[in-house]
């Protein structure tokens, strides 16, 4: 994948979980996390010689009120004889039952707006109906899938059940909001944070919480036949409350490492009124 524009995996997704399991989403951690970025591996073909940046990610909500995310991903990339500042800004809202999803994505290059995507999506029982407002009004019908928070709920459930490998699908409104991604998920053994874990100082009250190592490869569902190379992949440490850290995002020709440097636990909007 070209380093000039890379897709953001949403953390992070075709069978939907039953309603009773959706109540587990109330345990998802409301938080604001900050990650410092660094270049992982880069091939000569990528043209990337250096990288720095930051992710700021905020998640809040409940199964009763729905889930909101605010996500900003800024990188300064050294590209041989030039430098490029990429700035992704993403805002989403997902209904608590996982049946509707709203998204706004803005992509800036060198502080100039390069692309904006705005729309909503709904499950209709047979597929995902996408209604775009930007860059132009349009209607798109896609195969049945999940939205990001429901994908995370499913992932945590699979990890708790001891599953090590499974495949599912996700729609997150990224890129042109015109495709469903097949995700191949590998879950490692639950483990505790090591004493020399470089992220321990930022974990605060979560320092004693164990995690699962997780790797996810993303494929375009329309193209996926089990043989091709993924469009991108991500690995991370997943805590039982849905918090993720120690991310490595791979785009084929280069990868980006994200280290947790600050974490604020937010007041959760978890109350449900009868």
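Which one of 172, 246 is on the phi > 0 side of the Ramachandran plot and either in contact with a helix residue (DSSP H, G or I) (Cβ under 6 Å, 6 or more places away or on another chain) or assigned to a strand (DSSP E or B) (or both)?
The conditions single out 246.
All conditions but one from (1) surrounded by 15 or more Cβ atoms within 10 Å (Cβ to Cβ); (2) in a strand (DSSP E or B); (3) more than 17 Å from the chain's Cα centre (by Cα) apply to residue 72; the one that does not is (3).
Can you go through 195, 199, 163, 94 and tell me which one is at pLDDT 95 or above and surrounded by fewer than 15 Cβ atoms within 10 Å (Cβ to Cβ)?
Testing whether each residue is at pLDDT 95 or above and surrounded by fewer than 15 Cβ atoms within 10 Å (Cβ to Cβ) leaves just 163.
Determine whether residue 17 is assigned to a strand (DSSP E or B) and either surrounded by 15 or more Cβ atoms within 10 Å (Cβ to Cβ) or at pLDDT 95 or above (or both). Spelling it out, it is not the case that residue 17 is assigned to a strand (DSSP E or B) and either surrounded by 15 or more Cβ atoms within 10 Å (Cβ to Cβ) or at pLDDT 95 or above (or both).
Residue 270 falls short on exactly one of the conditions (1) in a helix (DSSP H, G or I); (2) modelled with pLDDT under 90, and that condition is (1).
Every residue, every condition in (1) part of a strand (DSSP E or B); (2) out of contact with any strand residue (DSSP E or B) (no Cβ under 8 Å at 6 or more places or on another chain); (3) under 20 Å from residue 265 (Cα atoms), yes or no:
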| position | (1), (2), (3) |
| --- | --- |
| 176 | no, no, no |
| 182 | yes, no, no |
| 189 | no, no, no |
| 193 | no, no, yes |
| 214 | yes, no, no |
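Under the condition of being in a strand (DSSP E or B) and crowded, with 17+ Cβ neighbours inside 10 Å, the residues counted in region 41-57 number 5.
Matching residues to (1) within 21 Å of residue 164 (Cα to Cα); (2) within 13 Å of the chain's Cα centre (by Cα); (3) at pLDDT below 95:
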{"position": "214", "(1), (2), (3)": "yes, yes, no"}
{"position": "221", "(1), (2), (3)": "no, no, yes"}
{"position": "226", "(1), (2), (3)": "yes, no, yes"}
{"position": "231", "(1), (2), (3)": "no, no, yes"}
{"position": "234", "(1), (2), (3)": "yes, yes, no"}
{"position": "245", "(1), (2), (3)": "yes, yes, no"}
{"position": "261", "(1), (2), (3)": "no, no, no"}
{"position": "264", "(1), (2), (3)": "no, no, no"}
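The values are calculated or read from the model by the stated rules, or taken from the named source; none is laboratory data. Source: prediction; values computed, not measured. Glycine also receives a Cβ, built like all others from the backbone with ideal geometry; neighbour counts cover every protein chain displayed.
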